[in-house]
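Structure first, commentary second.
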Amino acid sequence: MHHAFTLSGATLHALPSGALYWPAQRLLCVSDLHLGKSERLARRGGALLPPYETRETLHRLEAEVDRTAPATVICLGDSFDDLAAVRGLEEEARLRLARLMAGRDWTWIEGNHDAGPVEIGGTHRAQVTLGPLTFRHIADRSEKHEVSGHYHPKLRLKGAARPCFLLDSKRLILPAFGLYTGGLSVDDPALTALLDPPALAILTGARALPVPLPLR
Amino acid sequence: MHLPPPLTDWFAAKGWTLHPHQQAMLDRAANPATLLIAPTGGGKTLAGFLPTLAELGQTPRNGLHTLYISPLKALTADIRRNLRTPVEGAALPIRIEDRTGDTSYTQRRRQRADPPHILLTTPESLALLLSYEDAPRIFQSLQRVVIDELHALAESKRGDQLMLLLSRLESLSPGLRRVGLSATVEDPPALARFLAPTGCDILQADPGPDPDIAMLETEAPPPWSGGGGRYAMRAILDEVRRHRTTLIFHNTRAQAELFFHDLWLQNDDGLPIGIHHGSLAREQRERVEAAMAAGQLRAVVCTGSLDLGIDWGDVDLVIQVGAPKNVKRLVQRIGRANHRYNAPSKALILPANRFEVVECRAALDAVRDHTLDGEPRGPGPRDVLCQHILMTAASGPFDANELFTEVTRAGPYATLTRPQFDACLDFCATGGYALRAYDKWQRLQEKNGLWQLRDPRSAALIRQNLGTIIDTETLKVRLKNRFGGTPLGEVEEGFASTLTPGDTFLIGGEIVRYEGLREMTVEVTRQPGRDPKVATFNGTKFATSTLLTQRILELFQQDAWPALPAHTAQWLALQREVSRLPSPDRLLVESFPHDGREHLCVYGFAGRNAMQTLALLVTKRMEEQGLAPLGFVATDYATLIWGLDPVTDAAPLFDLAALREGLETWLSGNAVMKRTFRATAIIAGLIERSNQGRRKTGRQATFSSDILYDTLRKYDPDHLLLQVTREEAERGLVDFSRIEDMLARVEGRIDLIRLPRVTPLAAPLFLEPGRIPVHGTGRERMVEEAARRLMEEAGLA
């Protein structure tokens, strides 16, 4: 079950999967997919992690696309772990992505991992403004009406840490949608410096759960 | 084989004569493999070194002659001191040095360039040495390897790794002779096969007289629950006063800390007493070891870190606080006292709570009857082999056929098949996935028939990950000041994350105040005289042996307990009155409400690991039945499960066929398996162990190994590491065979008793650490409730 809230007058749904849905615009937004992460690590002589995270992440994205049938999809940056990862994408993943993109307005926002052109279609933007909201990868403290990603926020409640959305009156920060992604605790100074009270964390998991911040 | 005359003269001057088994070791110096089994205090270590001293003689040739390997850093330092005494006394030009994780960088580099005659080290440091390209040069002159405390090493993956390293050494220095030194074990031939599968002489020294061992009874009864034995502080101080030097053993580090703190509060005479455990900073440990060696301490409060054969000279009393869990280990600990051959060791066992009174009684009976416990280990685990293959690759290109032959010369891997070996090699090279994703980015590549690292830089990563000891994540603790501050030790990361500035906890026997976290270091200030929070160190937990649990169940069947102190006999009688006492041929299950939760207590007496598995399987069945279990805790004798709803029919929960089926499917998503997987993945080199110094602050670059486990389960269920995880679990952590034994014993005779409150026997379980959450509907309900409450409080609902 999703959690509905408003930001700059727009009614948005935080989905339990970590994706964002904007019904009025029929817009689905996901951040930090980090597709091709295991391939990049292996290429650089690091660990040989189970090479299934791209499949799994696309599988989860597919489920959200099927459920919400969006007209527009925004991938909010760090969609690929690096530019070479786009080229290293398995054929199956490439086809799956093409199927997802077909018939939709699909925008890739530049991230710090995957700046520059992407060679698999869709529109490529540094940032994009729709109605009252601006979508960019990294939050800008001086801006408002903003939706961003980048930080992979996580919150520990009753023992287990879960990825979460962060919301205040000016901005929304999305959790990482990708499978092989670590997280930054919401009490990290990098995140607390971005949020003004009263702020809210929305936990992902079986259902989207809002929790007021800061936790005591 | 004869000792060099100056050494014989020095022995004679000191009035030393060789024990028969020491002479026997000299006589068998040419043996390719010898296992010496001798009680502590029998000069076992010297016996191992005598042939070396004889061979090196008065004019030793340059180069490494003998490698000594012990499981403990402290032991290598101790042996270095003890061995140097006769060598320097006889003015023999023999260089003896140790090399451990504590050895300085410059010293380690010098040792590689110019090895000493005798090098004292640990399995992990040896693995590191062998991973260097110059290993063949370092070890070319090696003649002998002496492995101390082999019985302890053989119980863990460290021993499996060490045996692989020995095979490697043997390839580098053909004709290498190996000696294993061991305390009394239940199955000497099995240990000999472990050391040298192709044939090994077993030499048994005279076991010496029976120990003088009793339960320490106090005027005040032990508490109903809990551990640590602090109730008996006065009695213990009296014993310390009555003896020259006392070792006070605890089962966990946290207990040792608490005990030591209280001991000092009551130590009115200011007796010099120290503390020693593995979480303390090296400087702290070394200070205690040196003071002990110099005879300046009257007692040392310690844990398993002092379990092994460190020579404490004048120890004349050992006190074991808490039930020993295992008769064999108790016997070995007792051996710490009276390090003189042919004098009985003196020991006292102090039960920490009333249940342990029963357990200690059972252990004393077992010692008296000379019964030792022990379960045979299976073949060498393959995650250790994967690490060994990577280590070999780091040292240089290798031939797969030769490496396979070498590996199967190691005792634990004697039955390894070629396909099994090839699967491990494939894992190291490509990750071994069903999806061949990394053929382009292989870690190892075969070139001209030799396997080698694709990227030579990965050798550094491999070296960082060597070793099979997997610690829980810990943070260093330092006194706060401008210059970084005195290191005090370390605490678990999980514990550190619960601290807020102003909190106090115990470390190294002193109370400190948490000030904050700086660059992954816990900064503290001294804060005497406050009530501390307790540091939760990761103490090793052993499962009580089958032998001991069986003896306990039999003891329960007595009509009265004259051999037990009155308070404990009364407690058992009370349990019999309000509920029942567990018996060998029935399964007692109690159900009662407590603190707003429903509880189920299952007295299976199958040992900690099996009881944990039982809890996992039973909570899964409860989840299926909608009983919303929230978590459980397991001890050696019982499992306590709490949840939102009561259990009214126990029999369906304990159906063996259903449990066995559950075991298979359950492997998918539980915390114990994930923990096992993490250890296996680190050992096999899939993920890196986090290095405290290197870890980034702020953003965690790493993600949980649980995600990898779940991913493999879903996409690659037959992957090598999942196979190893399963094997591991079935062998040790899961211990399903003991559940089967228990249910076979019970044959369906399950007694579910509904009670209004906690029973006497169940009470201790509420203070047991290591509570494991069940992630099911119950927890989901609670997280939702907590979130809703927070929203309401914030006026946002």
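Is one or more of the residues making up the stretch A:188-199 within 13 Å of another protein chain (Cβ to nearest Cβ), buried (at least 17 other Cβ atoms within 10 Å of the Cβ) and under 17 Å from the mean Cα position of the chain (by Cα)?
First, pick out the residues of the stretch A:188-199 that are within 13 Å of another protein chain (Cβ to nearest Cβ): A:188-193, A:197-199.
Keeping just the survivors that are buried (at least 17 other Cβ atoms within 10 Å of the Cβ) gives A:188, A:191, A:199.
So of that shortlist, the ones also under 17 Å from the mean Cα position of the chain (by Cα) come out as A:191.
Yes - at least one qualifying residue is present in the stretch A:188-199.
Within the stretch B:268-300, track down each residue that is over 23 Å from the mean Cα position of the chain (by Cα) and assigned to a loop (DSSP other than H, G, I, E, B).
B:268, B:269, B:270, B:271, B:272, B:294, B:295, B:296, B:297, B:298
Being more than 14 Å from chain B (Cβ to nearest Cβ) and either open to solvent by less than 50 Å² (accessible area, probe 1.4 Å) or in contact (Cβ under 8 Å) with a residue 40 or more places away in the chain (or both) is the filter here; which residues of the stretch A:124-143 pass it?
Here is the first cut: in the stretch A:124-143, the residues more than 14 Å from chain B (Cβ to nearest Cβ) are A:124-137, A:139-143.
Across the stretch A:124-143, the qualifying residues are A:128, A:130, A:131, A:132, A:133, A:134, A:135, A:136, A:137, A:139, A:141.
Does the stretch B:411-421 contain at least one residue that is open to solvent by less than 30 Å² (accessible area, probe 1.4 Å), touching a Lys or Arg at 6+ places or on another chain (Cβ under 7 Å) and outside any loop (DSSP other than H, G, I, E, B)?
Within the stretch B:411-421, the subset open to solvent by less than 30 Å² (accessible area, probe 1.4 Å) is B:411-413, B:416, B:421.
Now narrow it down to the ones that are touching a Lys or Arg at 6+ places or on another chain (Cβ under 7 Å): B:411.
Next, from what is left, pick out any that are outside any loop (DSSP other than H, G, I, E, B): B:411.
Within the stretch B:411-421 (the criterion being open to solvent by less than 30 Å² (accessible area, probe 1.4 Å), touching a Lys or Arg at 6+ places or on another chain (Cβ under 7 Å) and outside any loop (DSSP other than H, G, I, E, B)), the answer is yes, since at least one residue qualifies.
Failed condition for residue A:64, given (1) at pLDDT below 95; (2) in a helix (DSSP H, G or I); (3) charged (D, E, K, R); (4) open to solvent by less than 20 Å² (accessible area, probe 1.4 Å), with all others met?
(1)
With touching a strand residue (DSSP E or B) at 6+ places or on another chain (Cβ under 6 Å), within 14 Å of chain A (Cβ to nearest Cβ) and either at pLDDT below 85 or open to solvent by less than 60 Å² (accessible area, probe 1.4 Å) (or both) as the only criterion, which of B:699, B:695 stands out? So that I can check it myself, show each step before the final result.
On the way: B:695 fails: touching a strand residue (DSSP E or B) at 6+ places or on another chain (Cβ under 6 Å).
Just a single option satisfies the conditions, and that option is B:699.
For the stretch B:449-473, which residues satisfy the criterion of being among the polar types (S, T, N, Q) and modelled with pLDDT under 95?
Of all residues in the stretch B:449-473, those among the polar types (S, T, N, Q) come to B:452, B:458, B:464-465, B:468, B:472.
Residues satisfying the conditions are B:458, B:464, B:465, B:468, B:472.
Taking only the stretch B:756-795 into account, find how many residues are farther than 24 Å from residue B:611 by Cβ and of a type in the set (A, V, I, L, M, F, W, C).
The qualifying residues number 7.
Taking helices (runs of 4 or more DSSP H) that do not extend beyond the stretch B:17-120, which have at least 2 residues that are open to solvent by less than 10 Å² (accessible area, probe 1.4 Å) and in contact (Cβ under 8 Å) with a residue 12 or more places away in the chain? Step through it out loud before you land on a result.
On the way: elements: B:20-27, B:44-56, B:73-89, B:105-113.
Fully inside the stretch B:17-120 and qualifying: B:20-27, B:44-56, B:73-89.
Among the candidates B:796, B:790, which residue alone is within 11 Å of chain A (Cβ to nearest Cβ), free of Cβ contacts under 8 Å to residues at least 12 places away in the same chain, among the hydrophobic types (A, V, I, L, M, F, W, C) and not in a helix (DSSP H, G or I)? If you could, list the steps in order and put the result at the bottom.
Numbers: B:790 fails: not in a helix (DSSP H, G or I).
So the residue among B:796, B:790 that is within 11 Å of chain A (Cβ to nearest Cβ), free of Cβ contacts under 8 Å to residues at least 12 places away in the same chain, among the hydrophobic types (A, V, I, L, M, F, W, C) and not in a helix (DSSP H, G or I) is B:796.
Residues B:729, B:786, B:762: which one is modelled with pLDDT of 85 or more and among the small types (Gly, Ala, Ser)?
Numbers: B:729 fails: modelled with pLDDT of 85 or more; B:786 fails: modelled with pLDDT of 85 or more.
Testing whether each residue is modelled with pLDDT of 85 or more and among the small types (Gly, Ala, Ser) leaves just B:762.
For the stretch A:153-170, give me each residue that is in contact with a His (Cβ under 9 Å, 6 or more places away or on another chain) and of a type outside the set (A, V, I, L, M).
Of the residues in the stretch A:153-170, the ones in contact with a His (Cβ under 9 Å, 6 or more places away or on another chain) are A:160, A:163, A:165, A:170.
A:163, A:165, A:170, listed by residue number.
Scan the stretch B:402-426 residue by residue and report those that are within 14 Å of chain A (Cβ to nearest Cβ) and out of contact with any helix residue (DSSP H, G or I) (no Cβ under 7 Å at 6 or more places or on another chain).
Scanning the stretch B:402-426 gives a single hit, B:426.
Considering only the stretch B:710-731, state which residues are open to solvent by 20 Å² or more (accessible area, probe 1.4 Å) and not in a helix (DSSP H, G or I).
So in the stretch B:710-731, the residues open to solvent by 20 Å² or more (accessible area, probe 1.4 Å) come out as B:710, B:713-715, B:717-718, B:723, B:726-728, B:730-731.
Passing the criteria: B:717, B:718.
Go over the candidates B:241, B:253 one by one and state the one that is outside the structural domain of residue B:78 (by TED's automatic domain parsing) and under 15 Å from residue B:348 (Cβ atoms).
Just one listed residue meets the conditions, B:241.
Conditions tested, residue by residue: (1) within 13 Å of chain B (Cβ to nearest Cβ); (2) more than 16 Å from the chain's Cα centre (by Cα).
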residue: A:145; (1), (2): no, yes
residue: A:148; (1), (2): no, no
residue: A:154; (1), (2): yes, no
residue: A:157; (1), (2): yes, yes
residue: A:173; (1), (2): no, no
residue: A:181; (1), (2): yes, no
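When you go through (1) more than 14 Å from every other protein chain (Cβ to nearest Cβ); (2) assigned to a helix (DSSP H, G or I) one by one for residue B:751, which number turns out not to apply?
So residue B:751 meets the others, but not (2).
Which condition number does residue B:440 fail, the rest of (1) surrounded by 14 or more Cβ atoms within 10 Å (Cβ to Cβ); (2) assigned to a loop (DSSP other than H, G, I, E, B); (3) within 14 Å of chain A (Cβ to nearest Cβ) being met?
(1)
Looking at (1) within 12 Å of chain A (Cβ to nearest Cβ); (2) outside any helix (DSSP H, G or I), which is the one condition that is false for residue B:429?
Residue B:429 satisfies every listed condition except (2).
I'd like to verify a number: residues in the stretch A:89-123 that are open to solvent by 60 Å² or more (accessible area, probe 1.4 Å) and farther than 13 Å from residue A:35 by Cβ, how many?
The total comes to 11.
Rundown of residues vs (1) open to solvent by less than 10 Å² (accessible area, probe 1.4 Å); (2) among the polar types (S, T, N, Q); (3) assigned to a helix (DSSP H, G or I); (4) in contact with a Lys or Arg (Cβ under 8 Å, 6 or more places away or on another chain), yes/no style:
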site	(1), (2), (3), (4)
B:610	yes, no, yes, yes
B:614	yes, no, yes, no
B:631	yes, no, no, yes
B:640	yes, no, no, no
B:649	no, no, no, no
B:660	no, no, yes, no
B:664	no, no, yes, no
B:679	no, no, yes, no
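Among the residues of the stretch B:761-784, how many are under 24 Å from the mean Cα position of the chain (by Cα) and away from chain A (no Cβ under 11 Å)? Break it down stepwise before answering.
The first filter runs over the stretch B:761-784 and keeps only residues under 24 Å from the mean Cα position of the chain (by Cα), leaving B:764-765, B:767-773.
Keeping just the survivors that are away from chain A (no Cβ under 11 Å) gives B:764-765, B:767-770.
Selection size over the stretch B:761-784: 6.
Any idea which of (1) surrounded by fewer than 17 Cβ atoms within 10 Å (Cβ to Cβ); (2) away from chain A (no Cβ under 13 Å); (3) closer than 26 Å to residue B:677 by Cβ is the one residue B:399 doesn't satisfy?
Among (1) surrounded by fewer than 17 Cβ atoms within 10 Å (Cβ to Cβ); (2) away from chain A (no Cβ under 13 Å); (3) closer than 26 Å to residue B:677 by Cβ, the lone unmet condition for residue B:399 is (3).
Give me the pairs: first residue in the stretch B:415-436 and closer than 28 Å to residue B:193 by Cα, second residue open to solvent by 40 Å² or more (accessible area, probe 1.4 Å) and β-branched (Val, Ile, Thr), beta-carbon distance under 8 Å, and six or more apart or on different chains, which are they?
The qualifying pairs do not exist here.
So, in the stretch A:1-56, exactly how many residues are surrounded by fewer than 23 Cβ atoms within 10 Å (Cβ to Cβ), small (Gly, Ala, Ser) and within 14 Å of another protein chain (Cβ to nearest Cβ)?
Going through the stretch A:1-56 one residue at a time, the tally reaches 4.
Filter the stretch B:444-461 down to the residues that are within 8 Å of another protein chain (Cβ to nearest Cβ), open to solvent by less than 30 Å² (accessible area, probe 1.4 Å) and either in a helix (DSSP H, G or I) or touching a Leu at 6+ places or on another chain (Cβ under 6 Å) (or both) and list them by number. Give the derivation first.
First, the residues of the stretch B:444-461 that are within 8 Å of another protein chain (Cβ to nearest Cβ): B:454-455, B:457-458, B:461.
Next, from what is left, pick out any that are open to solvent by less than 30 Å² (accessible area, probe 1.4 Å): B:455, B:458.
Answer for the stretch B:444-461, where residues must be within 8 Å of another protein chain (Cβ to nearest Cβ), open to solvent by less than 30 Å² (accessible area, probe 1.4 Å) and either in a helix (DSSP H, G or I) or touching a Leu at 6+ places or on another chain (Cβ under 6 Å) (or both): just B:458.
When residues of the stretch B:567-584 are filtered for being open to solvent by 30 Å² or more (accessible area, probe 1.4 Å), out of contact with any Leu (no Cβ under 6 Å at 6 or more places or on another chain) and in contact (Cβ under 8 Å) with a residue 40 or more places away in the chain, how many remain?
3
The values are calculated or read from the model by the stated rules, or taken from the named source; none is laboratory data. Keep in mind it's a predicted model, so treat the numbers as computed, not measured. Using ideal geometry, Cβ is built from the backbone for each residue, glycine included, and neighbour counts are taken over all protein chains shown. Remember, those area values only see protein heavy atoms, side chains included, never the ligands or the DNA or RNA. Shrake-Rupley method; radii C 1.70, N 1.55, O 1.52, S 1.80 Å.
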